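To start, the structure itself, in structure tokens.
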Amino acid sequence: MRKLELHWQILIGMLLGLVFGFAMTYPDWGREFVQDWINPFGTIFVKLLKLIAIPLILASLVKGISDLKDISKFRRIGLRTISIYVVTTVVAITIGLLLVNVLKPGDGISEETITKLTETYATDTAVTSKLEEASRQRQRPLGFLEDMVPDNAIKALSENKLMLQVIFFTIFLGISMLLIGEERAKPLKNFFDSLNFVVLKMVDLIMLTAPFAVFALLANVVVSSGDPDLLIALLRYAGVVVLGLFLLVVFYAVVVGSYTKKNPFWFLKQISPAQLLAFSTSSSAATLPVTMERVEEHIGVDKEVSSFVLPVGATINMDGTSLYQGVAAVFIAQALAFDLTLGDQLTIVLTALLASIGSAAVPGAGMVMLVIVLESIGFPADKLAIGLALIFAVDRPLDMCRTVINVTGDATVSMVVAKSVGKLGEPKVEDWDDYYEEVK
């Protein structure tokens, strides 16, 4: 019997998780049962992915740079990657602003709904914590460059939130290995090559549990959802965000089809397990090991490219989140009758672009970025909590959707960069048991 493909297994797990979660909303004990006995399996899965994220970045990036044997190649890849990421982010924000200005979802929110949302969420600890986090992240224009350089490599490697610092240290290490010559660097290169193979095998093993994990994660999301009436009231706003995200996928498909000459539907099928995990975890950082495995083995992007483009993308390229910033900021302004000029909207584009660079690739980071964006256009400080309360009810499902786009954008740019430097080849798929015969 032919084995069901991984993306179908994950999709079945997600659907069963949604059905089970809805079923558990009816009994009084349902929510507690899911959180105590089901959700831990999803949490363990996400922890395992985060566990190997930094070792994977360290090993694959060092391997990718040391395999180049030419610093000019790395410079070319780096400049193209950053440039394309900036362009796709600006495209994403622009799509969001165009849609929200044309469809005006904020005009459909009644005073009664605003009052109810404010009473429900304005004093919520999750909302107040986002405001506090945003106040901590206020910094000088070049503050993100300072934050990128670690003063303790071991500390940087011990914390997933410091991924930019890990990337900086790893690039520094890889370039230094190139500069000492191939013979002197060989022992260290062999170590990282071996570590890279081991970590990728760990990804294969972890992915065996993915269908069960997404079942647990989705069931917990459903039982933890808020007031259904408030969700319906925000349907227009959520619809604009989702429409924008869909148009962004169309944009990626056009880029893949026209530039790389690959079938866009084939591309989306190959990256779908990473997309489904991104939807379930709401974290592009947690999904990074799977994204790298799919892009390298199933799409054919050379490790020299993917090992740099994808870790950098998971940290600074948040197209879905940036689109959401534009829509959410204008929606809140419309709902609370705060007039925006063209200059304000251009400020949103610039601030959302800069905020995406320094934002953590974890669930909920988009809300923190939104506060920074709203402050940049002079939104009244006393209304910030009300603004966040307006969108808080649907933030988690939208966070799941925009993380899918973040991951898809990273994969698209990796293909474009690989094609531009002649490093887009044929897929070479490996399974978890490829070498099992040697050791059993």
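We did not get these values from a lab; they are worked out from the coordinates using the rules stated. Computed from a predicted structure; not experimentally measured. Positions of Cβ are generated from backbone atoms using ideal geometry, with glycine treated the same way; all protein chains shown enter the neighbour counts.
Placing R0 at 22 angstrom, the Cβ-Cβ distance between residue 125 and residue 243 gives a FRET efficiency of 0.10 after rounding to 0.05.
When segment 1-63 is described by a simple charge dipole with +1 on each Lys and Arg Cβ and -1 on each Asp and Glu Cβ, the residue from 35, 17, 46 located farthest towards its positive end is 46. Here the mean projected area of the convex hull built on the C-alpha positions of segment 6-428 is 20.1 nm². Cβ crowding within 10 Å, taken as a proxy for footprinting-reagent exposure, orders 291, 123 from fewest neighbours to most as 123, 291. Summary of packing: across the peptides 400-411, 370-381, the per-residue average of other C-beta atoms within 10 Å ranks them, highest first, as 400-411, 370-381. When +1 charges are put on Lys and Arg Cβ atoms and -1 charges on Asp and Glu Cβ atoms, the dipole computed for segment 6-428 relative to its Cα centre reaches about 1480 debye. Taking a ≥ b ≥ c as the square roots of the eigenvalues of the Cα gyration tensor, segment 301-440 is classed as prolate, since a/c reaches at least 1.5 and a/b is larger than b/c. Projecting the Cα atoms of 99, 162, 388 onto the charge dipole of segment 6-428, computed from C-beta unit charges around the Cα centre, puts 162 farthest toward the positive end. Put a dot 7 Å past the Cα of residue 149, heading toward its Cβ, do the same for residue 72, and the two dots end up 2.8 nm apart.
Taking the number of Cβ atoms within 10 Å of each Cβ as an exposure proxy, the fewest-first ranking of 148, 207, 318 is 148, 207, 318. Of the trypsin sites (Lys or Arg not before Pro) found in segment 212-301, the ones in coil according to DSSP and having at most 14 other Cβ atoms within 10 Å of their Cβ are 261. Each of 207, 238, 187 was scored by the projection of its Cα onto the charge dipole of segment 177-247, and the greatest displacement toward the positive side belongs to 187; charges sit on the C-beta of Lys, Arg, Asp and Glu. When only the Cβ of Lys, Arg, Asp and Glu is charged (+1, +1, -1, -1), the dipole of segment 232-327 relative to its Cα centre reaches about 320 debye. To the nearest 0.05, what FRET efficiency results for residue 82 and residue 339 with a Förster distance of 45 Å applied to their C-beta separation? FRET efficiency, residue 82 to residue 339: 0.80.
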